[in-house]
Structure formats: structure tokens, C-alpha cells
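The values are calculated or read from the model by the stated rules, or taken from the named source; none is laboratory data. This is a predicted model, so every value here is computed, not measured. Cβ: placed from backbone, ideal geometry, glycine included. Neighbour counts: every protein chain shown. Heavy atoms of the whole protein, side chains included, go into the accessibility calculation; ligands, DNA and RNA do not. Shrake-Rupley method; radii C 1.70, N 1.55, O 1.52, S 1.80 Å.
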Amino acid sequence: MQTFDAHPFDPPDGVPTLRREVRDFIAREAPKSDAASRANCWAVCDADFSKAMGKAGYIGMTWPVEYGGHARHPLHRYVVLEELLAAGAPVGMHWIADRQSGPLLLRYGTEEQRRTHLPSIAAGETYVCIGMSEPGAGSDLASIRTQGVRDGDGWRISGQKVWTTNAHNAQLMIALVRTVEGSQRNEGLTQFLIPLDTPGVTVRPIIDLVGGHDFNEVFLDDVHVPDSARVGPEGNGWKQVTAELSLERSGPERYLSSYAALVELIRFAGPDPEPVLAVLIGRLTAELWTLRQMSQSTAAKLAAGEDPALEAAIVKDLGNSFEQELPRAIQAALDGAEDLSAATDLTRVLALLLQVSPSFSLRGGTREILRGIIARGLGLR
Amino acid sequence: MSETRTLLTDTADRLFTDLAAHPDAPFAEVWPSIAEAGFESLLLGEDEGGFGGDWGDLFAVARLAGSHALAAPVGEAAVAAWALTRAGLTPAEGLATIAPAVDGCVENGRFTGSLKATPWGGAAQTVVATHAGSLLRLQTTDCRIESGHSPVGEPRDTLTFEGAVAEAAPSDIDLLACGAFLRTAQIAGALDAALAASIAYANERVQFGKPISKFQTVQQTLAIFAIEAAAVNSAGQAAARAADAGVADFEFAAAKLRANIAAGQGAALAHQVHGAIGFTQEHPLHRLTRRLAGWRSEFGSDRFWAQRLGRRVAGLGPDGLWPELARRSDAA
Ligand SMILES: Cc1cc2nc3c(=O)[nH]c(=O)nc-3n(C[C@H](O)[C@H](O)[C@H](O)COP(=O)(O)OP(=O)(O)OC[C@H]3O[C@@H](n4cnc5c(N)ncnc54)[C@H](O)[C@@H]3O)c2cc1C
């Protein structure tokens, strides 16, 4: 038994040039920001930056050219993403659409859906949110109750979605809906592409613990959509969301959310750090380096057409634990004089991450659920 | 490399499985079968009478040695032979090993000092050591041997020399880092083996009317274990790839540090899942976990590698770490 058989990350030639291009792009286009706003940057929204990324060809990179994509290799896309995240660029506005909604439409959408939406997603102009969770359905996603009923050649959808990231900025929501009344668990579920300006849709903000507005609740009150809004076959929703979630799990965003704090620690420690800080920087570097190998290997497997669901769950869980431990470990190593009220870059980024990092092991599947997936992969359930 | 690697790992797996069936066999009986299989010359080119293997092959073999709790310096002998050849020194006579730490000095081609905790130092004929930018080749016939042992009882001997003839050649080979790489591979193998044993045991042991693997807490414990084992396996393979592409000092340091962290946690989790039976001499689990305990401090502790890596990263400055990580992997 070998728990992790590494797949070489071998993108086609041109990676150093590509990195240089992306770094130049970031230097030119990313707003000058402080360390705290570089943290968790894939939750930071900036429409102008997303449009600039679209112009530069960094959204929908792997999609076919006929849908506004750039037919690039998936590992070139990976390189672009890790550069953006390491630099703390504000990529939140288009992140979900680029990562999962676009690929979902490419795989299961109709020709009309692709032609209508993919080019403007790739341009950084159309944003999408995910309507999966509901008040009664968190980890137990199969217990969703939002109901869709046939109405002539269309559907009427009623229910409530919650924790919907970016619903207040997005034009579209991809919602998971129960289309067979009384169906059990993961049967009878279907995905729909719902424009958020459809009558009957109400988006209400949910303010997070630091006062930020990232997620929302979305009420669907007898919302009428044509059958052309359906994504994939009726009843295929569970299979589709599971595929979507595995795209969600092993990317570089699962271990780089707190990277900005490591950068500030290195700045604070200086070129000749005291032993405690040198040891801490060394340990965090070793963990970061290892996670990068694991995430890249998983990306390479995905690119080779394999389904590394177990590896993806491992990367997400280990990555999230690292992102959460990083600010705690730095806090523990600081001198008493550096309390969190100090107005330095390091303390600001730490204070933010210490407050928001609990969400890292909730979003995209909780720690406990991921470990359950790993246990299944080990043959324990 | 992968076709010959399969051949190599099949041979190693078969041989190490046989040897693991007699864990108390004397070393003098164990070593000849390993030497005969040619693992010592794994890293030597085919023109040098070797297998022409790379660091990925060495990782695979040392990992298997770890997973079978093999009590023999397979990796040490391969690294010693490679280092001697690279530095242009006389090939080893008999068993060769590497010294993790050298305390002493060379004057007029003679070495006075000691080599501490040398794996199978007393059993070896040739010892290779890194000292002040040189590689030293010493013969154990010229030294006093003070035997020492790792927790599981493997020899870690201190060899003391007084004016002994030392062949030396300038070299940038860092045997401490090479040894760290070997221990990373062994830890990767031992963690995977201890995990497999823990999973098998959890599926078989019944308490409260069901296999303990059906308890969610046990499942979550084993998931954490698998994550740690995966991290070391991934780190070790990446370090091997870096060494095959060029200088891998950064990667060897990071991988051993990550392995050290996992070794401590993995051994503890394996014992927790096994309950009291795993705490007996009769049950084979301790052959893995006691080795893990020793390997963690050998060829560089957590603190040693963390400090070395941390200073290096600090020297790169706040905006230097990411480009360095990217540059190193792009070159691999
Ligand atoms: C920042 C953020 C952004 C999000 N964005 C979106 C979004 O855009 N779209 C969307 O649809 N959802 C989104 N979510 C919701 C997210 O998917 C859910 O929070 C997550 O699935 C967990 O559901 P829950 O919060 O209801 O917790 P619960 O499921 O109620 O879990 C509470 C606790 O119980 C544990 N638990 C539950 N079931 C089990 C079990 N079987 N075994 C062991 N432990 C269990 C959980 O692990 C957790 O620790 C977001 C969440 C966050 C925090």
C-alpha cells in the first residue's frame, strides 16, 4: 500500500515565461493593497481586476476557443492560479465561475447555454454563485428541499438557499433542486441555471463575524424558468454536484489562503532571524512545500483524466489544517509586545486570519466530512 | 526509469519480505543476500558496474526497506558507494556506511577524531564522511568501536580514530542531507505499513458488537494517519525528483522535516488503534514504530532542519520564498 503515489507535474514548455507574464500582469493590474487584503484573496472581489484578467486570457484558460476560452493546458492554468494566490490578487469575483460553473456547463450544459454564458464568464464579466446549501441541508446536502415542478414547457422553483457566496454580485446561480416530489435523498435532483434577476428571486445579505458581506441567503418564490435553464438531464443533479465538488477540493486555494501571513512573518523576522522564528519559518516552509507537491500531483492526475477523489480530500483537509495552524503558530511565537492591537502589517493579517480561518474547514465540505471520504477510500466504511 | 523501477522494487519487495520473516537473524547472515542482489551499486552507472538507478529508484527501495522494518543499511551502502565514485575515491571494500556527524580534523592525510552514531559502523569495513568541504574515506580496521544502539536495537556505533589514514577529496556532497533523504524514504514506508496494519486490525477487531473500524472516531483517527503518511510519501518522491534534476538541498531538508513531524504522530496513532496487543513484543507493530521513533532524530532533528531551512528562507526575504519555490520546481 502506498498512500500517495506522486504524479509528476509536467506542464508543457513555457512555464517560466508564463510566470513572468502573470507576475507582470499582477504588478500592473492588481490594486496596491495591504497584507490583510492579500490574505484569503480568493474571497476578495474586484470586478475591474476580474475584467482585466479576462482581457489577459486568464479566465476560462482551458476552455475551447469557440466558447471564449483559450485552449490552454490545465497545468498552465494551475501555474497562473498559484501565482495569483501567492501574490494575494483579488480573484474572488470570478473564482467560482472559472473553477466550477464553467466546467460544469462545458460538460453538461446545452450548446445554447455554453454559447450564451461561457464567453462572458471568460471575459470576467459574468459571475456565478452556487446554490447548494439550505437551512436544513449543510453537510447532509442530499436532504435539500427546494422544489421544482413542471409547468408547461418550463419549471416553477420554490425554496431557500443559504451561505450563497457572491449572490449579491453574481448574475447567475446554479441551484440544486428536487424535481421529483417526495424523492429520497440523492435521487430526483436536478441543477438549474437561474438568472438572479428573475422575478421571485430575493437575495439577502448575511454579514460574517468580521462584518464582511461575502455570503447571502437566496429565496426562490415560485420562480419560473424555461426548460432551457436545466443543466444536464433530469435527476442527474447529484452526480453533477459531486463532480463539481471534486474540482473544488485540491486546488492551490486550499493551502495558500494564509500565505500572506507567512510573507509578513519573514519580513518581521528579518534576514538573520532569532532561533525561535527561524525554526517556525522552516517548519511552515516544509509544510507549504509538501502541500504544494501534493496539490500539484493531484492537479496532474486530474489533467491526465484520472479521478483522484481520495487525494483531493487529503489535500483539502491537510491544506485547511495548515492554513488554520499558520496564523496560530505565528501568534504563539510573537513577543508579548506584539499584541493584536498593534497596527503593523503582521498583526493586521494575523488578526484577520485568526478570525476568518475557522471557515476554511467548513467551506467546500467540513473537515469531518472530508475525513469520512478518506475513511471510505481506506476501506473502513 | 519506471520499467526498470518495477523490476527493482519487485526484487526488493521479495527479498525484504523473506528477510522480515526472520527478524532476529544475525546481520552476518542478512547482509550477503542484500549485497548479492546488488543494491549497494544502485546509484552507480552501468559503466561503473552499477544498476544505473536514480534517486527515485533509491527512494523506492529505501521506502520498501522501511515498510518491511529491514534491519540493514541498504540505503547507507548505496549512498556510500555513490559518494566515493563521485568524489573519485577508491571504491569501498566490503560493507560501506555513512557517518552522520564528524568531530575531528585531518592533517597530512591522517584523521584524528570520532564519527558518532554511525549506522552499522562496527559491521562496516569502509566509512564515508563529509568533513570541511571534503569527502573522507576511512577503514574501520583503524579505529576503536564503541557500540551504540537505536531504540529498536540497530547498531549506531561511535568510531574513534587516531591518526588513521584517510583518503580525502574535495566534494560538495552533503552526507547528512543524503542520510536525511534515506530516513525520509524509510519513514514513508514504515508509516504506510503501520497504516495498513492499523486498517486491517480495525476491520478485524470486534468490540461493542462490531468491528472498531465502524466507529466514526476510529475512522477519523485513521484518516488523519493516512493524511500524514501521504504527506511524507509525496514529500519524499518530490525530493527524489529534485535530486534527479539537480541540487536538492532545499528539498531534502523540507522532506526530512515533514517526515519527522509525521513519524511522531503516525507511530502514536498506530498504537492507539491497536490497543494493548500492539504494545507486546510478540506483535510486529513495534518493529515499525520503534524504528520511527529513532529515525525521527537521525540525520537531523526537527529543530536542526527547521533552523537550517528557516535561515535560508529568511535570507531570501519576504518576496523571495515564492519565486524560489517556483523556480526550483520549474527546473525539475
Ligand atoms: C465561507 C463559506 C462560504 C460558503 N459558500 C457556499 C456557497 O457559495 N454555496 C453553498 O451552497 N454553500 C456554501 N457554504 C456552505 C458550506 O458548504 C456548509 O457550511 C458546509 O457544507 C457545512 O454545512 P453546515 O454549515 O450546515 O454545518 P453542519 O452540516 O450542520 O455541520 C456542523 C458540524 O457537524 C459536523 N457534522 C455534520 N454531519 C456530520 C457527520 N455525518 N459526521 C460527523 N460530523 C458531522 C460538521 O463536520 C460540522 O463540524 C459556505 C460556507 C462557508 C463557511
Cα centroid separation - segment B:82-126 against segment B:1-57, whole Å: 22 Å
Kirkwood-based shape ratio for chain B, expressed as Rg/Rh from alpha carbons: 0.98
Rg and Dmax [Cα atoms of segment A:185-246; Å; Rg one decimal, Dmax integer]: 14.5, 41
Neighbouring partner chain Cβ atoms per residue of A:314-320, average, 10 Å criterion: 3
Solvent accessible area, Å² - residue B:210, 1.4 Å probe, full protein context: 80 Å²
Accessible area buried between chains A and B, both sides summed, probe 1.4 Å, in Å² to nearest 100: 4400 Å²
Per-residue average of Cβ from other chains inside 10 Å of A:360-372: 2
Rg in Å to one decimal, and Dmax rounded to a whole Å, for segment A:250-377 via C-alpha atoms: 16.1, 52
A:244, A:338, B:93, reordered so the largest accessible area comes first (probe 1.4 Å): B:93, A:338, A:244
Proximal charge balance of residue A:305 [Cβ under 15 Å; K/R count +1, D/E count -1]: -2
Computed FRET value (nearest 0.05) for residue A:209 with residue B:29, which takes r as the C-beta separation and R₀ as 45 Å: 0.10
Largest-first principal axis extents of the Cα set of chain A (Å): 73, 48, 43
Accessible-area composition of segment B:40-94, carbon plus sulfur, in percent [1.4 Å probe]: 48 percent
Spherically averaged projected area in nm², based on the convex hull that wraps the Cα atoms of segment A:130-238: 6.4 nm²
DSSP-defined antiparallel bridges as percent of all bridges, the protein assembly as shown, nearest 5: 90 percent
Rounded accessible area of residue B:274 (nearest 10 Å², 1.4 Å probe): 0 Å²
Rounded to 5, percent antiparallel among DSSP beta bridges of segment A:121-210: 70 percent
Cut-off 19 Å (backbone N to label point 7 Å along Cα→Cβ of residue A:333), residues of segment A:287-303: A:287-292
Projected label distance in nm at residue B:303 and residue B:215, using a 7 Å step from Cα toward the beta-carbon: 3.6 nm
Projected label distance in nm at residue B:160 and residue A:325, using a 7 Å step from Cα toward the beta-carbon: 4.1 nm
Of B:73, B:23, B:119, the one that fluctuates the most in a GNM where chain B has Cα springs shorter than 10 Å: B:23
Inverse of mean 1/r across different Cα pairs in segment B:166-238, Kirkwood, Å: 14.7 Å
Values of log10 I(q)/I(0), in the order q = 0.15, 0.16, 0.24 Å⁻¹, for segment B:226-305 under a Debye, Cα-only, solvent-free model: -0.58, -0.64, -1.08
Residues of segment A:41-84 with amide N under 11 Å of a point placed 7 Å along Cα→Cβ from residue A:197: none
Volume of the Cα convex hull of segment A:15-126, divided per residue and given in Å³: 84 Å³
For segment A:65-144 versus segment B:181-219, the gap between their alpha-carbon centres in whole angstrom: 38 Å
Label point at residue A:363 placed 7 Å out along Cα→Cβ; residues across segment A:53-95 whose backbone nitrogen lies under 12 Å: A:91-95
Rounded accessible area of residue A:125 (nearest 10 Å², 1.4 Å probe): 90 Å²
Residue-averaged beta-carbon neighbours from other chains (10 angstrom radius) around A:74-87: 1
Debye-sum result for the protein assembly as shown in log10 I(q)/I(0), which assumes one identical scatterer on each alpha carbon, at q = 0.05, 0.06, 0.10, 0.11 Å⁻¹: -0.28, -0.40, -1.01, -1.16
Cα-based Kirkwood hydrodynamic radius, segment B:3-170, one decimal, Å: 16.3 Å
Debye intensity ratio in log₁₀ form over the Cα atoms of segment B:192-332, taken at each q of 0.12, 0.15, 0.20 Å⁻¹: -0.60, -0.81, -1.13
